[in-house]
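S.K.: After the structure tokens below, expect a handful of questions from me.
Read-outs throughout are calculated quantities, based only on the coordinates presented, and are distinct from any laboratory measurement. Everything quoted here is computed from the prediction, not taken from an experiment. Heads up, the Cβs are rebuilt from the backbone with ideal geometry, glycines too, and the neighbour counts pull from every protein chain shown.
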Amino acid sequence: MTALAEQIDAYGVVIAIGGLSMRVNTTDYHFLEILQSRFAGYISPESCSDVEFDVQLGPDPLAKPGSDLSVTHGAGRWFMQRGDFRAEWDPATRRGTIRQEATPYSLDTALRIVHTLVLARQNGFLLHAASAIRNGKAFLFSGVSGAGKTTISRLAPPDVSLLSDEISYVRKRNGKYLAFGTPFAGELAKAGENTSAPVSALYLLHQGPENRVEPLGAADAIRQLLTNILFFAQDRELVQPVFQTACDFVDGIPVYRLTFVPDARVWEMIR
Amino acid sequence: MNQKLYVARSRRIAARKLGDEMLVMAAEGSTLFTLNPTATILWQAADGVTPLHEIVERRICSEFDVEAEEAMRDAEMLAQDLARHGVLLLSDEPMIAAELSQQEAR
């Protein structure tokens with residue numbers, strides 16, 4: 001019995017992002033190594049976790065190859081499905097299963113979805129945004145693909161700690177919104193630093209002929225923020241908390257439109 | 001139009017008033033709407049038991065310089081548009097809480 005428990009422990013890895021830990025169990029040691037490499041810097045030495053997933057590797061007879069992501073809720077559980085994986089998660093027991101091939105990308109997507117579901121009820125969200133810490137303050141740079149998230153990350157001077165160039169992690173703790181590092185990278189293909197700081201500002205990125213910062217009114221800021229929040233589940237129970245969090249965030253954090261020339265001078269305005 | 005029309009705010013939405021506009025997010029498609037001042041008044045008064053024509057007469061005609069008939073026509077169109085997006089519920093009878101739940105479940 002002891003030997004069995006040790007063996008199961010040996011095939012699990014705890015991935016901690018934004019203060020939320022997820023244990024992933026697999027019976028495939030090679031896949032475990034893939035996960036340890038993919039989530040390097042975010043592996044927790046703790047064996048207990050907030051959420052636990054069992055990964056079953058191999059072809060799925062119920063898979064619909066090429067199908068788009070769908071996230072639905074029923075009988076107290078969340079169901080996530082895309083062409084390359086099928087998962088379900090029970091928020092009450094905090095346990096779930098994922099059926100997928102031995103690639104980290106399917107698990108990556110499932111983890112992001114579960115984070116968004118948990119964060120929706122905890123004053124937090126994942127945001128299509130680069131993020132970075134400078135002088136102890138976190139800055140978010142949000143925008144659609146091509147807006148300049150990776151560009152502004154590449155231009156960051158050495159005193160800046162990059163948290164992500166693609167998916168930023170924000171949650172409220174002790175009355176303050178904090179930005180956390182994530183392993184979810186964009187074109188930079190580099191995990192963010194596993195650290196956090198209070199959010200000082202949200203910039204909505206636009207590339208243009210000159211560097212300019214313009215404050216946004218509350219309604220525009222909420223609209224833009226909601227457009228960029230990752231929210232996979234079209235569930236009435238989650239719409240309210242996500243909307244309220246966006247409003248609360250904009251109440252306390254200044255939001256600007258940042259037009260920038262793609263060179264290092266843009267960072268002179270971000271301190 | 002002789003038949004009374006009753007309007008009620010859907011509970012499948014989240015809303016925040018900003019100045020004289022209202023931001024409304026519908027669960028259906030997570031769609032975001034900005035209601036102008038007239039639509040905001042209509043939405044706020046949509047309690048399910050006050051007929052639309054009374055809302056128009058008491059709240060819209062008194063606030064804006066507009067003929068009652070024209071205001072009623074515009075309000076009906078607006079109410080139907082908001083109902084299509086799941087923001088308002090419409091009925092030809094007053095709606096009590098239980099009925100609202102039933103309508104929303106459909």
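S.K.: Put +1 on the Cβ of each Lys and Arg and -1 on the Cβ of each Asp and Glu in segment A:1-156; which of A:Ala40, A:Ile133, A:His73 then has its Cα farthest toward the positive end of the dipole?
M.R.: Highest projection toward the positive end goes to A:Ile133.
S.K.: Let me ask you something else. Taking the Cα centre of segment B:1-82 as the origin, how large is its charge dipole in debye, to the nearest 20, when only Lys and Arg (+1) and Asp and Glu (-1) carry charge on their Cβ atoms?
M.R.: 560 debye
S.K.: For segment A:88-183, what class follows from the C-alpha gyration tensor (a ≥ b ≥ c being the square roots of its eigenvalues): rounded when a/c is under 1.5, otherwise prolate if a/b is larger than b/c, else oblate?
M.R.: oblate
S.K.: Right, another one. Please report the projected area of segment B:1-74's Cα convex hull averaged over all directions, in nm².
M.R.: Mean orientational projected area (segment B:1-74, Cα hull): 5.3 nm².
S.K.: Using all Cα-Cα distances in the protein assembly as shown, what percent lands in each 10 angstrom bin from 0 up to the longest?
M.R.: Calculated P(r), rounded to whole percents: 5, 20, 26, 22, 16, 8, 2, 0, 0.
S.K.: Also: Using the count of nearby Cβ atoms within 10 Å as a rough guide to exposure, how do B:Glu69, B:Glu21 rank from fewest to most?
M.R.: Least crowded to most crowded, the residues run B:Glu69, B:Glu21.
S.K.: Under 1.5 on a/c is rounded, so check that first for segment A:124-269, then, if it is not, pick prolate when a/b is larger than b/c and oblate when it is not; a ≥ b ≥ c are the square roots of the alpha carbon gyration tensor eigenvalues. Kindly include the intermediate steps, with their values, before the conclusion.
M.R.: On the way: a/c = 1.56, a/b = 1.34, b/c = 1.17.
In terms of gyration-tensor shape, prolate.
S.K.: Another question, then. Just in segment A:28-129: which GluC sites (Glu not before Pro) are loop by DSSP and have at most 16 other Cβ atoms within 10 Å?
M.R.: Sparse-neighbourhood loop GluC sites (Glu not before Pro): A:Glu46, A:Glu101.
S.K.: Among B:Gln3, A:Phe260, B:Pro94, whose Cα lies farthest out toward the positive end of the dipole of the protein assembly as shown, if unit charges sit on the beta carbon of Lys, Arg (+1) and Asp, Glu (-1)?
M.R.: Checking the options against the dipole of the protein assembly as shown, the answer is A:Phe260.
S.K.: Additional query: Any chance you could check the Cα centroid distance between segment A:71-150 and segment A:197-235 for me, in angstrom?
M.R.: For segment A:71-150 versus segment A:197-235, the Cα centre distance is 19 Å.
S.K.: Percent relative contact order of segment A:2-120, based on C-alpha pairs within less than 8 angstrom and at least six residues apart?
M.R.: Averaging sequence separation for qualifying contacts and normalising by length gives 20 percent for segment A:2-120.
S.K.: To the nearest 20 Debye, how big is the dipole of the protein assembly as shown about its Cα centre, given +1 on the beta carbon of each Lys and Arg and -1 on that of each Asp and Glu?
M.R.: Dipole about the Cα centre, nearest 20: 900 debye.
S.K.: Within segment A:203-271, report the GluC sites (Glu not before Pro) that DSSP leaves as loop and that have at most 15 other Cβ atoms within 10 Å.
M.R.: Hits after loop and neighbour filter: A:Glu210.
S.K.: Mean residue ellipticity at 222 nm from the helices of chain A, using -39,500 (n - 2.57) per DSSP H segment of n ≥ 4 over the full residue count, to the nearest 500 deg cm²/dmol?
M.R.: -8000 deg cm²/dmol
S.K.: 5 Å is the cut-off here: which amide hydrogens, built 1.01 Å from N in the peptide plane, fall below it relative to B:Met22, excluding neighbours closer than 5 in sequence?
M.R.: B:Leu35
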